[in-house]
Structures are given as structure tokens and as C-alpha cells.
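Single-structure report; data block below.
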């Protein structure tokens, strides 16, 4: 059929029992968890993922309680249960917590737990990065939620529109939102990097791109969306925080700024965000449905195509949140059409699920109940979405309770129900015990009835004229009964959540262990015995089907007996396989780091920068950042790019793989590439801001305004280009083992980069541009500072390489560091060139 | 909190289900002075019709999808071949939505231009500025001097009226659901909205964009009047304030000026020329106080003066609770006399 060599088969004979036991003992020792208080230094994906998920659920409960407070306040007209100010804090924190502390983290945390298992990997490629992400999330989350108890919470809405959130809200609430969530978003990007590299590079041999479990496809799409969606918000938050702290008028019309710019940046994030939440949740349904109809998904290719398509389209819809800002008709029409278009891939996915159910024989189960209930709710949310996507209807519906109803139908049906389905489905893999069918069903009906009772009337509340975000309403406008019904429904909904929570936390010591693979599923995550071992998968299988447990004969036996790859931990180290991105051909045996508190300290110190910054204590904040950078350097120095004791290792089935890879063959290089795509997106957002000002002003840069000139930006561009070239030479000479030449080139690059950074700032400095006076000097300064900071970070990279070579940790063959530095410098060079073209070139072209 | 339109609230109560048809119940459930489904304007009518069509379509599609899922779950559909499954996916997931959404979009595009069209030249223009948390209203009749009012809008029936919208502080949104869609009021920008009332009556407008602490308390009555009636009303509004007719009001005027009210408020025809707060020249003739919060009468005026911050949390106007009750009453009597 094809001329590719046949996939390797598992060992034909069972390894001797004594050997199997010895292998298991060594694996167990390598993957063991630290004991006592040191448990919290664990970095295993199963531990970190569970903490992460549990914390996200706690924030969900917190956000839910806030929702109930709002429903009490709105139960009757003119209620005085909450003051206006408290209500405004409560609804702001409810929205922000649900979005940033529940929906996004829970997607990433569930993926952290199950992605490696579905991919037959022992862990994710950067376990300590997951731990770092978790600690950032916990710290930032507690800080933000806790502010509510001091009456200091943000109260600008989760959308934080300036000028309300700039000049009109003194106090630290808004700063807390801007800095706290930026911190958490950075952690979310870190997790996204991990998930992308995990899906692309840590699959089992043979799992070609057309065999990847659907869940992993969805996670890949959603994580990629995080990379491009979060940076505009981070850039916008930076602009707004700088406006608040230093009065640079980015959004202040008195200084030439424009509040609408924030709306663009916010919704460039905010709309894809909805799909970032929806896709990984519907992904759970894509796993649950085939299991319970006992057949492979129908239309695998369609589902993948639809998921990818949804991801792309979702970046072209953001303006439908701004239909009432006075845009011209042509924009309204275009974005209406784009918004309607996203219904098509969504419809395809749903019909794939229905077709799968129709084609198979359904086994009734609690996860399936939640999947179906979720779809019923989501479909109605999707249909009202079709309605509000039409600009003319949105003129009435926008910012009313109709939208509140719509978004909850989409997010609760599209995310919360599937996630609960996932809880009931996956729980045995965490604890070895099943959740209760009976409680699951009771909770389902409470949730389903409560949800519809709460949110169905809200469509009419909105159409009858009730705006969103009101702490009270007068009686007699026709809102009274509808609101009371919603409030009653909310408590029913809350009781359903309480039943699920009880089922999750109730003691289960007397309950028997679940059977292995209790649902007879077909995918790799169901390999573990009950209760699961820490090593993840006993031997890393060769996969040649989408449902190997169903379709590959003797599969579980072969995995269990260690007949596949890496059945052993001979050196007592944690290891997993790295494969190629498309064909999943094994290319490396990757050594993974073990438990450590370093990620915690890194999160703590870097978090210190953001938290201290909230109070505008800039010097302590900066000190915390410097310590944080030190911790990260220590982390990298001690735990990454280690030189193995031997170049290669036999991993089983006659395969020998290198233990060290650099450049594009290494996972670290991929991580830098992906991170920098996100960073560059943030930079592009700033450039977008520059040209946005140009589009709204008749005259931008303003006639007669001082610019940065041409000389200094060009000098800076030339110096940074030279620094880039020197870095390239350093990489080449290191590989050629010309140590002297390497030191010269790397040192030169450091000097050139520092000079380039200084020259970049010299432009606006020497021409005396005052960023507080007008938005033009402000945005020029910001682009210059951004570029200079990149150059300085490049200095850190190259200085680190110099130190590594000096310390004998980097040499001609072991050169991960300089490859990654070179990759980083490609982005610095691109950033510098764009900045020079914009700040020096554009005024000339005008 | 008293609602100034509570007299009309009877309309919003559903009819007895026994007698009325389901449709009637539904329609009655949609009525109200602030309901987009009880249209009194050309735009609101168009959008309400669009809603009902789409709502019908939504119910049909939802039931169809639910039925398909149910029959799939029940196994009523015979074992599918791969080809049949593909029909499902392409037909239901791709073709059907494409056709329906294209039709819907084309219809949407057709009704969009009239909703966005500027009022014809010579139409009445009203500049409205949203401020935390009230409305500065300036009538700009063609070829006449503008008239500045606040917190109430009266319109001639049947005529297109152009609203010129802005905001000096934060973003607000101008929305009269009964007449048409909303339009944001954005600092540094000017937006426009044309509305055409089709029947007379009293309606309610609100701020639809979250604008800070008392966003919920930023409303205004809307009165649609016959053309002649409207012209008479506008002429009366143009006139300067009446001199106080009785001694109490006279004392009130003195107290008004003495206590510095004129720093923020204007009463045309007196030395009060403040521009920070609402123009009070004809405040006694308005239906509400505090931008749609209290029904306007003497007691409400006293309450407002004495407890601004309790009636409207965060409001810029200081409270005058420290004044003797008699003085407050006098000021209230003066303001009430400004009809």
C-alpha cells in the first residue's frame, strides 16, 4: 500500500517476570513523590494537574457564591442587600474569576493531567514549568479574590473599559486587575507553550498527526489560540496601567488617545477567549461520546478541520462586541457575516457527535447525560448567538440581560456541563474510585433545571429593556417576576453544584476500587491500573490506530509487560520519548527534571513584581523582579540542558536514541519559538495601537510634534542588527568549537546590544519627547522601551551562554543554550527593525 | 424607590391564561415602557419583527437538533453507513447552516441601512451628553437657538429625530428600547442615532453601558407627543424661568442662590448660570428627579436635596441635609415652581 517501513511490533515474548518486577521497582523509584511537606515540591503532571484543577474548582465555587449574592440583590426591585459599590465589585470579580481563574486554568489543568496520558508520555516536556504556572495561578488568584474582602476589588467590569477604569477609579482595584491578571495570563501562556510542545513533540511513536486523539487536537488549537489572544490583552493592560500610574494618555481623548482602542485590544483577546474555553471543553465530549457508543468518532477529519477552522475564524469576530460604538455599516456587515460563519464549524462538530451516537449503540452513563444536557443548552446559546451576531438585532440586545442569558448558555452548556461530564468520566484515573451515579444524576437534574430556570427568563428580561451590570431596578417595568424566577433558579443551580462538589470530596475509603478502564474506552489514558502508578504508562507504546485499546490486539498486555519502549529506568531518571511533529518518529530520549521548590520561588518572586507594582511600590517591585530573574537563571542553570553521561541510550525494540538534542530537534527550542510568537504578538498589538491613532486622527504624528528623529533609531537598528549577526557568529563558532572566536562574538553581541538599547532610548530622550503630554510621544516611547527591554533580555541570553561555556556546561556538541539565544535574537532583530521603521520611517513617509 | 411609570405597569402583567391565547400572553409579557418588544418606533418595530422571526427559527432548529439527538440516542436511526453519516455532517452541520445563515444575513443587511440612515436635512436635532449619572440634553431645532434641558426627552410623533451623542467623562450608552437600538456615547468621539417614534406615549430610556457606581440609576423619561403639542412644549422650555409666585418659593429662590446651587446649576432668567449640573430652568415640569430615579414632587425634591448620596450613590452633587427643614422645603417649593 505504501512504501514506508512497517511499524515496529512489540516484543514477541514476555520479558521474564523477575525483570518486569525489577523494571517496575526502578520506574516507581524514579517517579516517586516527595514525602511530607516536601510533597509540595512535586512536579509530576498528575499531582500539579490535580492541584491546578482543584484550585480552579475552588475559584469556580467562589465565583458561584458571588453570582448568588447578585441574584439575592436582584431578586426584588429596589433591594438594599448589597450597596451599589459592593455590587459593582461583585459582578466585576464574578466575571473575572470565572474567566481568568476558572475557565482558562481549568482547561489547562485538565490538559496537564490527561494530555501526557492520552499521548502515552510519562509527563509533559517541562514539568517544572507546569508547577511554575500553578504557583503563579494560586498566588495571583488568592490576591485578586482576596481583594474583595477588603472592599478593594476592581469594579470596572471584567472588560475594564477606560476612561472609567483610568481616571475615574482611583484606588488599587483597577491596578490589581491589570497587573494581577497580566501575571496570571503570563502563567497561562507558559502552560499553553507546554501543551503545544507536549502535543507536537511528546507523542508515542507511530501516532501520526491523523491519529492524535481529538482531545489533544482541541487542546492544541486552544493553546495556540492562547498564544495569539492573550498578548493583545497583556499589551492593552500595560498601556492602561501606564496610563493610570504615569499619566501617559493612551486612552484619554484629552491627550489624543482613544478609549475605543482598549475595546479593540480587549475583544481581540475576549472573543477568541470564548472559543479557548469552549473548544477544550467540547473536546471532553469528543472523548466521552465514542466511549459510550462503543465506536470511533464519525468524521474525525471533519472535527479536526472544524476545530482548527473555529480557531481561525474566532480571531475575526471581535468587533461584534462593539456593534454599538458607531462603526460604519460596512464594518457592521462584515463582522456580522464573520460572526455567523463561526456557526458552521460549530454545527459540523455537533453533527459529528450526533452522527457518532446514531452510528453506535449507546450505553447510558452519567458522563453521557451531562454531554447531552450540555449540548442541549449549548445549541440554544449558539442559536441566540446567531441572533446577536446580526448587528441590527444587537442594537437592541447589546448590554442587556439577553446577552447575559446568551453567554451563560454558551459557556455553561459549552464548558461547565462538559467539564462535569469530564469529572464523572475521568475521576477513576485520579483516585481509582468512581463517582456516584446516583448523586451524578440528582446533580444533573438540579443543574439542568436550575440553569434553565435562571437563564431562560433572562432573554426576556433583556428584551424588555433591563440593561446589564445594574445593581438594582425599579419596580413595575416588567422585570420583577422574571428576576425573581431567575434568582430562585440560581439557588437550584447552586444546589446542583453543591451535590457535585460533595460527590467529588466525599470520603471514598470504603468504596471499592474501580475496575481498570471502567468504561471500556479505546484511548491511551485508560491504560493505567487502579489505582494508577506515578509513572503514567508502563512502557511507551507504538501506536497505529486512533483507539489502540480497541483496535491493537493484546495492547494492554504488551504495555503492562514492558514489551514497548522505555520499560525501565536503568539510571533512576525520569524519561520520556520525543518524536517528530508530523510523523511521530522517535528522535530523543528526554530526561525530565524531578521535584523542586524552585518553580515555587520563581512564581513567588516574579509575582512579587506584579503584586508590589499594584501598590505602585516600584522599587521593591523591581527588586522582586531582579530576584525572580535570578531564581529563573538558577533554575535554568541547575536543571536544563544537562549534559548526559552518555550520548545515546537503548530505549527498547532495538531503537537507540540520543539523550541530547539541540536546535529545532530539542523541545526547549520549540518552547522558545512558541513563547516568542506570543511576545511578538504583544509587540504587534503595540504597533497596531500606533497605526490605530493614525487612523483616528487627521494628523498623526501631529504636525510640528517632536519625533524621535531618524538618526538615533537608525543607529539603534544598526547596532541591534550587528548584535544579532554577532550572535549568529557565536553560534557558528561554538559549533565549530572555536572557543576564542565564540567568546569574542558573544561578548561583542552583548556590547552591541547594550549600545543598541541605549541608542533606541536616545531618540525620544534627546528630542525631549514628553509622553505625558500627548499619545504620540507616549506610544513612541513605549515602542522604544519595549525594543530596548528585548535587547537587554537578549544580553541576558548571551551572557548566560558565555557563562555556560566558561563553566564547561556548553560545548560544541552540547549547545542548546546558544541555539535558543540565536532564536530569541531573530525576534529581537525583527522587533528592532519594525520599531525603527515605525518610529523613524513612518513620519518620513507621511 | 418609586417608579415614575408605575401607573403603566398594569400593562405588563400577563393576561389570565385561561381566556387569552398563548400568543396574547406572550405579547402581553413583552409589553412595558422600556420593552424592545413593545415597539413605538420605526427602528424598534423592524428589530422586534426580526427578533420574532429569528426566535421562531431558533425554536424550530433547536427542536430539530434535539429530536435528531434523541432518536440517535434511542437507536431509532438504523445503523449508519459511513456515507449516511457524511450526509448528516455535511447536510446538518455545514449546508443547512450555510443556507439559513446566508438568508438571514441578506435580510439583516437589507434592514441595516435604514437603521443607520441619518435623519433628513432639516430634522430636529437633539444633542445628548451622558455624564455620571445624568443626561445633558440640548434641543437644536433647525434655524433656531438651541435650548438646554436635562434628564427628559420629548419628541414629536412621526418625525425622524437625530441624536448627537457624546460624553465628557466615561463611556455611556443612549438607549430608548421602545423606539430603537442603542448607541454608545464615547469621550472624544461623537456618535449619531436617528429615531422615529410611531405612536405617542410615555416611555423610558436608560444608560446601557456600565459607567460606574450609579450606572443603574441613570435613566430618563421619554414622552412622544403630537407635533403641535411638542412645539408648544419646546416653546415653553425655551422661555426663561418664571418668577416665584408665592413667598415660600421666593424664600426658596434666595436660599437656592445663597447656598451656592448656582455654581453648578443654571436657571435661565436668574443669575444662576452653573454648567456642571443639570439645567433647572423648568425642573418643576419634569417627570422625574435624579435622572429617572424619583417621581418628581415636593417630597421627592426634599428627599433628593437632603440625601443625594443615598438616593444616588457616588453622585457628584453634595447633599444639603444640614440645612434646616424649612429651608429645604422652601428650595423644593422654588424648584417645583419652575415649570
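Every number in this text was worked out from the coordinates using simple rules, so none of it is lab data. Values in this document were obtained by computation on a predicted structure and should not be read as measured data. Note: ideal-geometry Cβ built from the backbone for every residue, glycine included; neighbour counts use all protein chains shown.
A straight line joining the Cα centroids of segment A:687-752 and segment A:568-637 runs 28 Å. Kirkwood radius and radius of gyration were both taken over the C-alpha atoms of segment B:232-339, and their ratio Rg/Rh is 0.93. Over every Cα atom in the protein assembly as shown, the radius of gyration and the widest Cα-Cα span, Dmax, amount to 32.5, 112 Å. For the options B:89, B:171, B:276, a Gaussian network treatment of chain B with springs between C-alpha atoms closer than 10 Å singles out B:89 as fluctuating the most. Taking other C-beta atoms within 10 Å as the exposure proxy, B:338, A:447 rank B:338, A:447 from fewest upward. Take every Cα pair under 8 Å whose residues are at least 6 apart in sequence, average their separation, divide by the length of chain B, and the relative contact order is 16 percent. A Förster radius of 60 Å, combined with the Cβ-Cβ distance separating residue A:571 from residue A:697, puts the computed FRET efficiency at roughly 0.40. Computed over the alpha carbons of segment A:40-103, Rg followed by Dmax gives 15.8, 52 Å.
Computed from the C-beta positions of residue A:68 and residue A:645, the FRET efficiency with R₀ = 60 Å rounds to 0.55. Projected label points at residue A:656 and residue A:18, each 7 Å from Cα along the beta carbon direction, are separated by 2.7 nanometres. Assuming 1.567 mPa s and 4 °C, estimate D for chain B with Stokes-Einstein, Rh taken as the Kirkwood radius over Cα pairs, in µm²/s. The diffusion coefficient I find is 57 µm²/s. Mean residue ellipticity at 222 nm, helices only, chain B: -11000 deg cm²/dmol; runs of at least 4 DSSP H residues each add -39,500 (n - 2.57), and the sum is divided by the number of residues.
The Rg/Rh ratio of segment A:40-505, with Rg taken over Cα atoms and Rh as the Kirkwood radius over Cα pairs, comes to 0.95. Kirkwood's formula applied to the C-alpha pairs of segment A:689-846 gives a hydrodynamic radius of 16.3 angstrom.
Per residue, the average separation of C-alpha pairs within less than 8 Å and at least 6 apart gives segment A:704-845 a relative contact order of 35 percent. For the residues of B:217-224, the average number of beta carbons from a partner chain within 10 Å of their own beta carbon is 2. Would you mind telling me which residue in B:308, B:190, B:98 has the biggest mean-square fluctuation in a Gaussian network model of chain B, where springs connect alpha carbons within a distance under 10 angstrom? Ranking B:308, B:190, B:98 by mean-square fluctuation puts B:98 first. If the segment from residue A:247 to residue A:615 were pulled out straight at 0.36 nm per residue, it would be longer than the present Cα-Cα gap by 130.9 nm. Our analysis of segment A:666-714 gives Rg over Rh at 1.22, with the two radii drawn from alpha carbon positions and Rh computed by the Kirkwood formula.
Our helix-only sum for chain A, with -39,500 (n - 2.57) per DSSP H run of n ≥ 4 divided by its residues, gives a mean residue ellipticity at 222 nm of -21500 deg cm²/dmol. Each of A:650, B:172 was scored by other Cβ atoms within 10 Å of its Cβ. Arranged with the fewest first, they read A:650, B:172. At q = 0.22, 0.25 Å⁻¹, what is the base-10 log of I(q)/I(0) for segment A:661-752 according to the Debye formula with one equal point scatterer per Cα and no solvent? Please give it to two decimals. Results for segment A:661-752 at q = 0.22, 0.25 Å⁻¹ read -1.15, -1.19.
Sequence-distant contacts, meaning Cα pairs under 8 Å at least 6 residues apart, place the relative contact order of chain A at 16 percent.
Between residue A:637 and residue A:209, the modelled label-to-label distance comes to 4.1 nm, taking each label 7 Å out from Cα in the direction of the beta carbon. Every Cα-Cα pair in segment A:81-197 was counted, and those over 26 Å apart are 29% of them. Principal-axis analysis of the Cα atoms of chain B puts helix B:42-74 at an angle of about 40° to the longest axis. Legend: calculated FRET efficiency, residue B:307 to residue A:711, from the Cβ-Cβ distance at R0 = 60 Å, rounded to 0.05, equals 0.40. I need the fraction of alpha carbon pairs in segment B:88-226 separated by more than 25 Å, rounded to a whole percent. Tail fraction, whole percent: 36. Spin-label model, residue B:190 to residue B:140: label points 7 Å out along the Cα-to-beta-carbon direction sit 0.5 nm apart.
Normalising the Debye intensity of segment A:300-458 to I(0), with uniform scatterers on Cα atoms only, and taking log10 at q = 0.20 Å⁻¹ returns -1.27.
Relative to the longest principal axis of the Cα atoms of chain B, helix B:96-116 runs at roughly 20 degrees. The fraction of Cα-Cα pairs per 5 angstrom bin, counted from 0 for segment B:72-154, comes to 3, 10, 10, 10, 9, 8, 7, 6, 6, 6, 5, 6, 7, 4, 2, 0 percent, rounded to whole percents.
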